[in-house]
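So the structure is just underneath, and the comments pick up after that.
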Amino acid sequence: MSKEPVAVVGIGQTKHVAARRDVSIAGLVREAAGRALGDAELTWADIDAVVIGKAPDFFEGVMMPELYLADALGAVGKPMLRVHTAGSVGGSTALVAANLVAARVHGTVLTVAFEKQSESNAMWGLSLPIPFQQPLLAGAGGFFAPHVRAYMRRTGAPDTVGSLVAYKDRRNALKNPYAHLHEHDITLEKVQASPMLWDPIRYSETCPSSDGACAMVLTDRSGAARAPRPPAWMLGGAMRSEPTLFAGKDAVSPQAGKDCAADVYRQAGIADPRRDIDAVEMYVPFSWYEPMWLENLGFAAEGEGWKLTESGVTELDGDLPVNMSGGVLSTNPIGASGMIRFAEAALQVRGQAGEHQVEGARRVLGHAYGGGSQFFSMWLVGSEPPD
Amino acid sequence: MPEVLKAPLAVEFPFTRSVGPVQSAFLTGLRERVVLGVKTVDGRVLVPPVEYDPVTAEEIHDLVEVAPTGTVTTWAWNDEPRRGQPLDTPFAWVLVRLDGADTALLHALDAPGPDAVHTGMRVRVRWAEACEGAITDIACFEPYDGEPAQPAGHSGQFTDAISGIVAPARLDYTYSPGRAQTAYIRALSERRTVGERCPSCRKVYVPPRGACPTCGVATSEQVEVGPRGTVTTYCIVNIKAKNLDIEVPYVYAHIALDGAGLALHGRIGGIPYDQVRMGLRVEPAWTEGARYPDHYRPTGEPDAEYDTYKELL
Amino acid sequence: MTCDIALVAFAQTDHRRTSEDLSEVEMLMPVLHDVLAQTGLKTADVGFTCSGSSDYLAGRAFSFTLALDGVGAWPPISESHVEMDGAWALYEAWTKLLTGEADTALVYAYGKSSPGSVRDVLTRQLDPYYVAPLWPDSVALAALQAQALIDAGDTDEPALAAVASRSRTDATSNSHAQLRGSVPQGDYLVRPLRTGDCPPIGDGAAAVVLAAGERARELCARPAWIRGIDHRIEAHGLGVRDLTDSPSTRLAAEKAGAFERPVDTAELHAPFTSQEVVLRKALRLDDSVRVNPSGGALAANPIMAAGLIRMGEAAARIHRGDSDRALAHATSGPCLQQNLVAVLEGDPR
């Protein structure tokens, strides 16, 4: 007996902003979950289990907050799981929920991911002082900027590529009502004139810090048959991890990312991702990660990713649109960011992406990563059920 | 084996919590010395008022005033109050069902001793001297043998309702980095960098973390590396990080010490920031009393060829 | 798709008040080596890896990423982590095996309570608006539950003392246990609970290997087959719950098939003596059932691993032939808010 096909029949997000001062943590999470249920035209009673994810508990200062959130998510009397796989958690959470359906443990599962960063301060949460350890000398961008330089050295990419990505993603965000940053007066010149924070990364090439939540309703074949709107079908999904730091690690193009993508493509019968996949929502917290992941995910040969970006292939009207929603560069509630990628991929194949819809998108990849470029989660969704 | 290092670690933050409308009404009510509950669709009154019905998951917001008097439904005597708890003298933890409510609220009861407390006893709210819109506006409960107080029928509407609370939280830990890192840190105090070799793949880990992360086995053979090394990659930091007393711009680099299997991180000094390059040969520069090198400075050797360090990038 | 999945190996540390001489990975790694050696598997042979731990216990964000160093995740592995007790990591691994995407799984969990004050740390699990600001500690909440049981006539202090005594006596045959033999019931910690009613605070780690179908039979002479496993959560607020009952445990047990036939053994994750009373009632366990032969959480309670250890202890009894059908239970949250029940069986002898 093969796996049960998994369909996405409901998607909900909050309007992502720097600080949602009008709601509690429960109110934030509930808003996304309620919208996902509304999209699926289901009620709380229709949900068999809840799978929730977020990044470190220190961000909100609530240990295992799923315990407190059980009531708000209608989980009382139901199974509830809490996933934490660092930055990839939003994607991993969706995959854990999908497995419950694929394994036929449950028929319909609600999955939610969130971060309410305004309750504390992301840099505090990310860099709690540890005795005896040298303090991180450079902030979050400083952690990633040397890898970007290594990529530029390795590929000979011109230093303008990063700003092209930021300019594209911030314009895409203008077409997404849920995106955090809506910079209506954005120009390429403004991106390029923004301060160089961690050379080679400019201010406009970094992600914001957001309050936000994202939710999806996943269901089986019979659930999908009752869905009021077209479902997105999961064609493949995988997680891969490698150690944080190790001798021989390729921080520019980690093996775990390559293996994860290969597993997803195998499950989905993708022979040539560049040809067979219509668009990508990828986790790009710093603009240079777009060309880096294009190579890591097999959309371009090694050293060639930046050429796709530079030639406009990843633009919304390009041949392989990337981050149609505006991406992490425009919206970053850390624990939810991975699930937003997965959900935006599903919106595309359902034809529900509104102004940032890619016409005729039939197979779209959602991608998330976290930790020291070590945890990867991805899914490929399609407009047609798997064979 | 020499004793491992230990040090106190305080995890402390004043969390800024927005509360949403229902919790705002309750907490603002406490500030005004009014206790509010929330009515469910089937008519139960929940105190403290929650935003979502625990039974039906419905969103609820129909506020109703209840009495500041009530009945203990269970209790526990706390002889040794802990930091942050409502009273600093021995007290009873209680769940109290206020008159007019169907559920119970957790708080403290000020009573002379455990013999003075029982389930079913009548209590009333003792208000804090200064109320600010927090659960601690209820200082505690106290024994009460009068008639149930009559709620005045407050609507739950306030003109200057609070929108959030600040919830300071401090937890104290004693941190120990374990065997391998203790050895590394002790060697640093002699200005030596000592890694550990994996018995399986033979790579040298600096700093050692107790396990070879690719082989999953313990490392133990100590190997001194450096002091010289090669800048494998870097960035130029132009924004001042909080709590760091370093003038910007400066260079933050990955440095592969000679003999190490991977790069560690450090600041580059002794050279203008815009002249730092991949392949630059460097050595540590120490300051008195510091645990780590203050920075790494050029040795004057010719740059390393890219091919010699590209595997360490 | 096969539905026959079993626990085929179990390992744990000796649980100690402190293991400050070891980092988390240094504490965990020998357990991983032990459990893999029991099956002859290497990391690269394992189809899926899942772990449970808590940043708040460690006092550091992303603490689980360093524990991964002990696994040897190279080449990269299919891996996940829950910020929950390892019993829920086992549940996630079980669903993964059910999909057929893997036929073996490594599940581990670890917790070091020694660095912090665990009674204070656990207050951070509570409603952050109404309850956490009062810092009610885990013993206080359990004591409220115990008093409710006494008021309801479900137990009394001598009965609680008997649970404590039986657990620590049973633990004499468990070399990993932290509290063994004759342990005084002691003074009230938070009345009505005495020190003897409370679990020891300590550090420890545990790991199990799951395998599906024939693979399980290859790896273990007598696999502990998971006949059912389910978990349920209750409302968070203590004041809206009946603290003398555990409907979530009962429902999980029903869904796991626990009531279809009697079990001979039950490993209950009851950190406080009074919670065993609640669980016995919810699970309808009578005196014919051997409860917590390992000594249970009253003998060793490494937070985040203690639930997984219940799964492992129950399975180990089946492996050894001491049990044919065992129930294993794990809990999370204040006063048994969330509960997981698994029913394990050995092949007929």
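Of note:
- Of the residues making up the range C:227-254, those that are touching a residue at least 40 places away in the same chain (Cβ under 8 Å) and basic (Lys, Arg) are C:Arg227, C:Arg232, C:Arg241.
- Residue that is nearest to the other protein chains (Cβ to nearest Cβ), among those in the range A:29-49 that are buried (at least 24 other Cβ atoms within 10 Å of the Cβ) and within 20 Å of A:Ser337 (Cβ to Cβ): A:Arg30
- Going through (1) modelled with pLDDT under 95; (2) touching a Ser or Thr at 6+ places or on another chain (Cβ under 8 Å); (3) of a type in the set (Gly, Ala, Ser) one by one, B:Gly266 falls short only on (2).
- Out of B:Val19, B:Val66, B:Val50, sole residue that is within 19 Å of B:Gly133 (Cα to Cα), within 7 Å of chain A (Cβ to nearest Cβ) and touching an Asp or Glu at 6+ places or on another chain (Cβ under 7 Å): B:Val50
- Residue in the range B:76-127 that is farthest from the chain's Cα centre (by Cα), counting only those that are more than 22 Å from C:Arg194 (Cβ to Cβ) and of a type in the set (Lys, Arg): B:Arg122
- Only one of the listed residues (B:Arg297, B:Arg267, B:Arg291) is of a type in the set (Lys, Arg) and more than 33 Å from the chain's Cα centre (by Cα). That residue is B:Arg297.
- Residue that is surrounded by the fewest Cβ atoms within 10 Å (Cβ to Cβ) [pool: residues in the range B:69-101 that are in contact with a Leu (Cβ under 8 Å, 6 or more places away or on another chain) and within 7 Å of another protein chain (Cβ to nearest Cβ)]: B:Gly84
- Hits in the range B:214-226 - residues which are out of contact with any Ser or Thr (no Cβ under 7 Å at 6 or more places or on another chain) and crowded, with 17+ Cβ neighbours inside 10 Å: B:Thr214, B:Ala218, B:Thr219, B:Val223
- Positions within the range A:315-360 being assigned to a loop (DSSP other than H, G, I, E, B), of a type in the set (S, T, N, Q) and buried (at least 24 other Cβ atoms within 10 Å of the Cβ), in sequence order: A:Asn323, A:Ser325, A:Thr331, A:Asn332
- Selection within the range A:50-78 - in a loop (DSSP other than H, G, I, E, B), closer than 14 Å to A:Ile25 by Cβ and within 11 Å of chain B (Cβ to nearest Cβ): A:Glu60, A:Gly61, A:Val62, A:Met63, A:Ala70, A:Asp71, A:Ala72, A:Leu73
- Check on A:Pro146, within 12 Å of chain B (Cβ to nearest Cβ), in contact with a His (Cβ under 6 Å, 6 or more places away or on another chain), on the phi < 0 side of the Ramachandran plot and not polar (S, T, N, Q): yes
- Some residue of the range B:29-36 being out of contact with any His (no Cβ under 6 Å at 6 or more places or on another chain), surrounded by fewer than 20 Cβ atoms within 10 Å (Cβ to Cβ), within 11 Å of another protein chain (Cβ to nearest Cβ) and touching a residue at least 12 places away in the same chain (Cβ under 8 Å): no
- From the list C:Leu122, C:Leu106, C:Leu149, the lone residue that is in a helix (DSSP H, G or I), more than 17 Å from C:Arg191 (Cα to Cα) and more than 8 Å from chain B (Cβ to nearest Cβ) is C:Leu122.
- Some residue of the range C:4-16 being polar (S, T, N, Q) and more than 7 Å from every other protein chain (Cβ to nearest Cβ): yes
- Residue satisfying condition, being among the aliphatic types (A, V, I, L, M), in a helix (DSSP H, G or I) and without any contact (Cβ under 8 Å) to a residue 60 or more places away in the chain, within set A:Ala45, A:Ala32, A:Ala36: A:Ala45
- Search result, residues across the range A:7-28 that are in contact (Cβ under 8 Å) with a residue 12 or more places away in the chain, facing another protein chain (nearest Cβ under 10 Å) and aliphatic (A, V, I, L, M): A:Ala19, A:Ile25, A:Ala26, A:Leu28
- Residues in the range C:33-74 that are at the interface with chain B (Cβ under 9 Å from one of its Cβ atoms), in contact (Cβ under 8 Å) with a residue 12 or more places away in the chain, on the phi < 0 side of the Ramachandran plot and not in a helix (DSSP H, G or I): 2 in all.
- Condition check for B:Gln85: among the polar types (S, T, N, Q), touching a Ser or Thr at 6+ places or on another chain (Cβ under 9 Å) and not in a strand (DSSP E or B): no
- Residue match in the range A:74-81 (condition: out of contact with any Cys (no Cβ under 6 Å at 6 or more places or on another chain) and under 30 Å from B:His295 (Cα atoms)): no
- For the range B:102-121, the tally of residues that are more than 20 Å from B:Ala134 (Cα to Cα) and either in contact (Cβ under 8 Å) with a residue 40 or more places away in the chain or more than 9 Å from every other protein chain (Cβ to nearest Cβ) (or both) stands at 11.
- Leading residue by the ranking (surrounded by the fewest Cβ atoms within 10 Å (Cβ to Cβ)) among those in the range C:305-323 that are among the aliphatic types (A, V, I, L, M) and in contact with a helix residue (DSSP H, G or I) (Cβ under 9 Å, 6 or more places away or on another chain): C:Ala306
- Just one of the listed residues (B:Tyr306, B:Tyr273, B:Tyr296) is within 18 Å of A:His147 (Cβ to Cβ) and of a type in the set (Ser, Thr, Tyr), namely B:Tyr306.
- Complete set of residues in the range A:219-258 that are under 12 Å from A:Gln374 (Cβ atoms), away from chain B (no Cβ under 14 Å) and charged (D, E, K, R): A:Arg240
- Condition met for C:Asp156 (in contact (Cβ under 8 Å) with a residue 60 or more places away in the chain and surrounded by fewer than 23 Cβ atoms within 10 Å (Cβ to Cβ)): no
- In summary, A:Met196 fulfils each of the numbered conditions (1) out of contact with any strand residue (DSSP E or B) (no Cβ under 6 Å at 6 or more places or on another chain); (2) surrounded by fewer than 24 Cβ atoms within 10 Å (Cβ to Cβ) with the single exception of condition (1).
- Of all residues making up the range C:159-196, the number that are surrounded by 22 or more Cβ atoms within 10 Å (Cβ to Cβ), in a helix (DSSP H, G or I) and polar (S, T, N, Q): 1
- The range C:172-226, subset charged (D, E, K, R), touching a residue at least 24 places away in the same chain (Cβ under 8 Å) and farther than 23 Å from C:Leu106 by Cα, residue farthest from the other protein chains (Cβ to nearest Cβ): C:Arg180
The values are calculated or read from the model by the stated rules, or taken from the named source; none is laboratory data. All figures in this text were calculated on a predicted structure; none of them were measured in a lab. Note that we place each Cβ from the backbone using ideal geometry, even for glycine, and neighbour counts take in every protein chain shown.
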